[in-house]
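Have a look at the structure below before the remarks.
The values are calculated or read from the model by the stated rules, or taken from the named source; none is laboratory data. Just so it is clear, the structure is predicted and the values come from calculations on it, not from any experiment. As a convention, Cβ positions derive from the backbone with ideal geometry for all residues, glycine included, and neighbour counts pool all protein chains shown. Surface areas here come from the heavy atoms of the whole protein model, side chains and all, with no ligands, DNA or RNA. Shrake-Rupley method; radii C 1.70, N 1.55, O 1.52, S 1.80 Å.
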Amino acid sequence: MSSPLLHLPGAVAAEGLDAAVAAHYGSFNTEQRSLSAGEGFVDLSHRDVVRVAGPDRLTWLHSLTTQHLTGLAPGQATGALVLSPQGHVEHAFFGTDDGEAFTAHTEPGRGAELAAWLDRMRFMMQVEVTEVTEQLAVTWRPSRRGAGEADEPAGAYAGYEFVPRDQLEAYAEAAGPAAGLWAFEALRIARGEPRVGLDTDTRTIPNEAGWIGPAVHLDKGCYRGQETVARVHTLGRPPRRLTLLHLDGSENRLPAVGTELRHGEKTVGFVGTSARHYELGPIALAMVKRNVPTDAVLEVDGMPAGQEVIVDPEVGLHVRARLS
């Protein structure tokens, strides 16, 4: 479902999973600067949208996901995960409740699977699950994040809006200037926010990806996969850690998603999404083995890469009992 905003002047379509929206509208560096200054918007209308209505929706979602959702205030942005019984991340979604329904967005092509799984879990609860991607488009505006929200777990995913798809062009006229996905991705990567299925794999647990806090609440009732999350948080350390890579800027290329990350002769992880940041230069998110020194220079696709810690490799040690 290609975005009508691809017809805006200067629009150049993105590639792969994101091909339905614009990568940029002429200058991704200028667009990044505008977003950083709190101006403009990003067309994310290729993302899938799921709506959960009914009086039991929040208590029901609370019981199924990693997030504390009972009592969620209308308009408060939040993120939640669905885990496997072994604690691996199967779905990640982000959204708000309006007092009548919880509306969430997820990765392109994942909405139908998420809606189908949720629908199978309804049992006797008064909820209705619908994929509404054809009706609602996702956008992001930095002005909607709010002062200080970036530091608050409940506000980590603020800035997203749901716009009736047939009103997207009118929205763009009012909210402009438009910024493309390249600008948005560079800022997202710099914030250390992973995309499920791109910056993660089928073995990823929330502790590895920096989701403890923003999308995982540690003081709530049981949910599928909770045992793994709690055990790693309290007794151990995650086997891998999400890392921000600063790539060598001498090469005019970015690594593909899934490219091996090496330390000397050893493969120590993989690279997820990457982008060119207007201040930081080329950056990427990577999943790295925990025991790799945080100051080690790594290699990806023949390029040196320095590390910036997102997930502390020693996380969990603060609650370990000291042995005398």
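The table for this structure:
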{"read-out": "Loop-located trypsin sites (Lys or Arg not before Pro) in the range 223-316 whose Cβ has at most 14 other Cβ within 10 Å (DSSP)", "value": "Arg253"}
{"read-out": "Label-to-label distance, nm, for residues given as Val12 and Lys289 (7 Å Cα→Cβ offset)", "value": "3.8 nm"}
{"read-out": "Förster-model FRET efficiency, 25 Å R0, Arg253 and Glu308, C-beta, rounded to 0.05", "value": "0.75"}
{"read-out": "Most to least accessible of Ser143, Ser84 (protein chains only, probe 1.4 Å)", "value": "Ser143, Ser84"}
{"read-out": "Distance (nanometres) between label positions extended 7 Å along Cα→Cβ at Leu280 and Arg203", "value": "2.5 nm"}
{"read-out": "Net charge dipole size for the range 218-324 [Lys, Arg +1 and Asp, Glu -1 on Cβ; Debye, nearest 20]", "value": "620 debye"}
{"read-out": "Where Met125, Met287 fall by accessible area, highest first, once all protein chains stay in place (1.4 Å)", "value": "Met125, Met287"}
{"read-out": "The chain, dipole about Cα centre (Lys/Arg Cβ +1, Asp/Glu Cβ -1), debye to the nearest 20", "value": "1020 debye"}
{"read-out": "Exposure ranking of Glu299, Glu128 by accessible area [1.4 Å probe, largest first]", "value": "Glu128, Glu299"}
{"read-out": "The range 90-220 - percent of accessible surface contributed by carbon and sulfur, probe 1.4 Å", "value": "49 percent"}
{"read-out": "Segment Leu218-Lys266, length gained on full extension (0.36 nm per residue, minus Cα span)", "value": "13.8 nm"}
{"read-out": "Contact order relative to length of the chain, as percent, for alpha carbon pairs under 8 angstrom and 6 or more apart", "value": "19 percent"}
{"read-out": "Alpha carbon centroid spacing (whole Å) that separates the range 297-316 from the range 54-80", "value": "34 Å"}
{"read-out": "Cα centre as origin, Lys/Arg/Asp/Glu Cβ charges: the range 48-114 dipole, Debye", "value": "80 debye"}
{"read-out": "Computed [θ] at 222 nm, helices only, for the chain once each DSSP H run of length n ≥ 4 contributes -39500 (n - 2.57)", "value": "-5000 deg cm²/dmol"}
